[in-house]
Every structure is written in C-alpha cells, then in structure tokens.
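Read-outs: derived from the displayed coordinates by stated rules, not from any lab. In this text the structure is predicted, and so the values were computed from the model without any measurement. Cβ coordinates were reconstructed from backbone atoms using ideal geometry, including for glycine residues, and neighbour counts include every protein chain displayed.
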Amino acid sequence: MGLNPWDVAAGSVLVLEAGGLIGDLAGEGDYLHGGQLIAATPKVFAQMVTALAPYRAELTRSRPQKPADPAP
C-alpha cells in the first residue's frame, strides 16, 4: 500500500514473466498508479481479491499519505 509507480514497475514485470497475476485490490489491471496491488499465482489471485473485498474500502481510505514535494 502507498506505492509509487516506480516502486512496482520492475517487480510487476518479474511477476508477469514468471506466470503470476498482478492487479489492484479489486483485481483490475490499473495497479501501477493506484498505490495498492495484489500479486499472486493464478490459483491464489482470485482468492486474495475475494478475501480482501470486505476490507477494500478501508484499505483504500487508510492509504498512507505521500509526503509533499519539497520547495525548490
């Protein structure tokens, strides 16, 4: 949670190349800019999305705030 696109870009390629699935907390493909993601094997991915569904709103709402950019 609270991830930037550059935090997950390389790792997501590794997961996908290894045959895994990656998505946001709803299981959708817009994980790169969402700040939260799930990565798992195909057998486990859907189960994780289902298991986290009751908590999705809270997990999204309580996402850590990113620090403001320092003034130049």
Give Leu52, Leu37, Leu21, Leu32 a once-over and let me know the one that is hydrophobic (A, V, I, L, M, F, W, C) and closer than 13 Å to Gly2 by Cβ.
Leu37
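State which residue is surrounded by the fewest Cβ atoms within 10 Å (Cβ to Cβ) when the search covers only the stretch 21-53 and only residues that are in a loop (DSSP other than H, G, I, E, B) and in contact with an Asp or Glu (Cβ under 8 Å, 6 or more places away or on another chain).
Step by step, filter the stretch 21-53, then rank; the result is Asp30.
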